[in-house]
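Undergrad: Quick one: structure below, then a few questions.
The values are calculated or read from the model by the stated rules, or taken from the named source; none is laboratory data. Quick caveat, the model's predicted, so the values are computed rather than measured. In this analysis, Cβ positions are derived from the backbone assuming ideal geometry, glycine residues included, and neighbour counts consider all displayed protein chains.
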Amino acid sequence: MKNVTSSEIIICGHTYDEYIEMIKAFHGHVAPGMVIGGFMVDLAYHNLPQGEFFDAICETRACLPDAIQLLTPCTVGNGWLRIIDLGRFALSLYEKYTGDGVRVYVDSRKLDNWPEIKTFLFKLKPKKEQDSEALITEMNLACTSILGVQKVTINLNAIKSSRRDTFSVCPSCGEGYPKNDGETCLGCQGEAPYLHSEIPGLQED
Ligand SMILES: [Zn+2]
């Protein structure tokens with residue numbers, strides 16, 4: 001076990017305690033996935049290849065995207081963070097023009113000494129039966145020791161989306177939509193999640 005106290009841990013220029021406060025403010029509560037995510041982003045930054053402009057890929061929707069958005073300039077909204085939901089707790093930062101980058105993942109072979117982290121990541125117990133205090137303590141002690149780092153090159157063509165290049169007005173709902181989606185928008189093709197929606201302009205009695 002490493003002899004590092006939390007006051008010595010720096011996560012992307014923030015002390016550990018500062019980062020915990022940032023998580024609370026951004027995410028609403030101290031999500032364990034964001035704690036481990038902070039170590040992952042910091043480790044990725046320390047292993048970046050040469051380059052100036054870095055984009056991010058996150059391989060899960062759970063918690064990790066928020067750590068990336070909190071600690072890097074990359075957000076889903078500005079398009080510099082893309083979520084490719086492979087269900088793996090991993091992220092990559094890569095140079096946006098060359099695709100050269102670094103991938104950080106949780107190394108499942110290194111989890112045997114960290115039962116709470118293993119239980120959390122593999123959902124071995126229902127959340128309410130997990131000991132969240134012990135889990136955060138383990139994450140603090142484990143730091144980056146449970147993580148792996150790989151050099152990667154991103155297939156930039158594969159992740160480029162040209163879907164939103166041209167827009168039309170949907171003849172069914174009257175809203176703008178990417179023309180490539182078809183004669184009507186995906187919502188009107190049955191992919192909208194609403195069981196009920198008002199027809200605009202009509203008052204319900
Ligand atoms: Zn429509």
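Undergrad: Hey, can you tell me all the residues within the stretch 176-185 that are touching a residue at least 12 places away in the same chain (Cβ under 8 Å), within 30 Å of the chain's Cα centre (by Cα) and more than 6 Å from the ligand (Cβ to nearest atom)?
TA: Just the residues of the stretch 176-185 that are touching a residue at least 12 places away in the same chain (Cβ under 8 Å), to begin with: 178-181, 183-185.
Filter again for within 30 Å of the chain's Cα centre (by Cα), leaving 178-181, 185.
Within the stretch 176-185, Pro178, Lys179, Asn180, Asp181 meet the criteria.
Undergrad: Within the stretch 23-46, how many residues turn out to be farther than 18 Å from Cys58 by Cβ and of a type in the set (A, V, I, L, M, F, W, C)?
TA: Of the residues in the stretch 23-46, 2 are farther than 18 Å from Cys58 by Cβ and of a type in the set (A, V, I, L, M, F, W, C).
Undergrad: Output the residues belonging to the stretch 146-166 that are loosely packed, with under 14 Cβ neighbours inside 10 Å and either among the polar types (S, T, N, Q) or assigned to a strand (DSSP E or B) (or both).
TA: Selection gives Gln150, Lys151, Thr153, Asn155, Asn157, Ser161, Ser162, Thr166.
Undergrad: Run down Gly13, Gly33, Gly28 and say which single residue is of a type outside the set (A, V, I, L, M) and closer than 25 Å to Glu95 by Cβ. Walk me through it before giving the result.
TA: Values: Gly33 fails: closer than 25 Å to Glu95 by Cβ; Gly28 fails: closer than 25 Å to Glu95 by Cβ.
Exactly one of Gly13, Gly33, Gly28 is of a type outside the set (A, V, I, L, M) and closer than 25 Å to Glu95 by Cβ, namely Gly13.
Undergrad: Within the stretch 27-40, take every residue that is of a type in the set (A, V, I, L, M) and in contact with a Cys (Cβ under 6 Å, 6 or more places away or on another chain) and give me the one that is modelled with the lowest pLDDT. Explain how you work it out, then say what you get.
TA: Filtering the stretch 27-40 down to residues of a type in the set (A, V, I, L, M) leaves 30-31, 34-36, 40.
If we keep only those that are in contact with a Cys (Cβ under 6 Å, 6 or more places away or on another chain) as well, we get 31, 34.
Numbers: Ala31: 92, Met34: 96.
My answer is Ala31.
Undergrad: Related question: Identify all residues within the stretch 49-89 that are polar (S, T, N, Q) and crowded, with 18+ Cβ neighbours inside 10 Å; write none if there are none.
TA: First, the residues of the stretch 49-89 that are polar (S, T, N, Q): 50, 60, 69, 72, 75, 78.
Passing the criteria: Thr60, Gln69, Thr72.
Undergrad: Return a yes/no flag: does the stretch 12-26 have any residue that is hydrophobic (A, V, I, L, M, F, W, C), outside any loop (DSSP other than H, G, I, E, B), in contact with a strand residue (DSSP E or B) (Cβ under 7 Å, 6 or more places away or on another chain) and at pLDDT 95 or above. Walk me through it before giving the result.
TA: Applying the first criterion (hydrophobic (A, V, I, L, M, F, W, C)) to the stretch 12-26 yields 12, 20, 22-23, 25-26.
After this cut, where a residue has to be outside any loop (DSSP other than H, G, I, E, B) as well, the list is 20, 22-23, 25-26.
Narrowing further to those that are in contact with a strand residue (DSSP E or B) (Cβ under 7 Å, 6 or more places away or on another chain): 22.
Okay, now just the ones that are also at pLDDT 95 or above, so 22.
Within the stretch 12-26, one or more residues are hydrophobic (A, V, I, L, M, F, W, C), outside any loop (DSSP other than H, G, I, E, B), in contact with a strand residue (DSSP E or B) (Cβ under 7 Å, 6 or more places away or on another chain) and at pLDDT 95 or above.
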